[in-house]
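Laboratory data are not the source of any read-out in this text; all were calculated from the coordinates shown. Everything quoted here is computed from the prediction, not taken from an experiment. No Cβ is skipped: glycine too gets one built from the backbone with ideal geometry, and neighbour counts run over all protein chains shown.
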Amino acid sequence: MEIVDENSTAASRPMALLAAVALGASVPILILGRMGMAVAIVVAIIGFVATSDRSRLVYQVVAAIRTPLGTAVGVTFALWLISVVGSPEVALSAKVWARMVALLVVGVALVSLLRRSPALHDLALKALIVAALVGAAAGLVTVLMWPDPLLL
């Protein structure tokens with residue numbers, strides 16, 4: 001199985017592997033806080049952007065938007081934009097709306113990159129499982145050592 005695109009160099013292979021592991025571990029890392037998850041996702045985005053063909057990635061994101069589900073999500077965002085205009089705090093609402101659109105586009109891009117490489121997809125899933133097991137073990141140890149954390 002091919003790990004990275006045919007246009008990528010051998011030096012980009014470790015970066016793609018790091019990106020897949022970071023993406024897979026990002027949700028279990030949430031046990032450390034939102035900043036841990038944000039760092040893992042930023043590492044994944046940088047790794048995938050550095051190793052992928054960006055014009056192909058843009059094409060895949062646009063193709064995903066043109067599907068019936070993408071159209072439905074676009075209509076939803078358009079309707080939300082109407083409520084942004086009617087909000088008492090227009091600037092704050094617009095900022096939240098733009099953040100949601102950006103998160104959706106980044107998510108679609110990451111999914112399309114994982115769809116292109118089954119090996120990276122498998123690695124991301126394995127990282128998710130291992131990170132979840134490590135997080136569960138840490139939680140279990142914490143509960144057993146400090147059953148009532150408020151009494152410290």
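Could you tell me how many of the residues in the range 45-91 are β-branched (Val, Ile, Thr), surrounded by 14 or more Cβ atoms within 10 Å (Cβ to Cβ), within 23 Å of the chain's Cα centre (by Cα) and more than 18 Å from residue 20 (Cα to Cα)? Lay out the reasoning, then the answer.
Initially, the range 45-91 is screened for residues β-branched (Val, Ile, Thr), giving 45-46, 49, 51, 58, 61-62, 65, 67, 71, 73, 75-76, 82, 84-85, 90.
Going one step further and asking which of them are surrounded by 14 or more Cβ atoms within 10 Å (Cβ to Cβ), we end up with 45-46, 49, 51, 61, 65, 73, 84.
So of that shortlist, the ones also within 23 Å of the chain's Cα centre (by Cα) come out as 45-46, 49, 51, 61, 65, 73.
When the remaining residues are screened for being more than 18 Å from residue 20 (Cα to Cα), the result is 61, 65, 73.
Residues that pass the stated criteria total 3.
Can you name the residue in the range 22-49 that is among the β-branched types (Val, Ile, Thr) and touching a Gly at 6+ places or on another chain (Cβ under 9 Å) and, of all such residues, is farthest from residue 61 (Cα to Cα)? For the range 22-49, the residue satisfying everything is 31. Within this structure, residue 27 passes the test of being under 30 Å from residue 138 (Cα atoms) and touching a residue at least 60 places away in the same chain (Cβ under 8 Å).
For every residue, the table says whether it meets (1) farther than 25 Å from residue 15 by Cβ; (2) over 14 Å from the mean Cα position of the chain (by Cα); (3) surrounded by fewer than 15 Cβ atoms within 10 Å (Cβ to Cβ).
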| residue | (1), (2), (3) |
| --- | --- |
| 116 | no, yes, no |
| 126 | no, yes, yes |
| 129 | no, yes, yes |
| 132 | no, yes, no |
| 136 | yes, yes, yes |
| 141 | yes, yes, yes |
| 146 | yes, yes, yes |
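Within the range 42-69, the residues that satisfy the criterion of being closer than 16 Å to residue 102 by Cα and without any contact (Cβ under 8 Å) to a residue 40 or more places away in the chain are 42, 46, 49, 58, 62.
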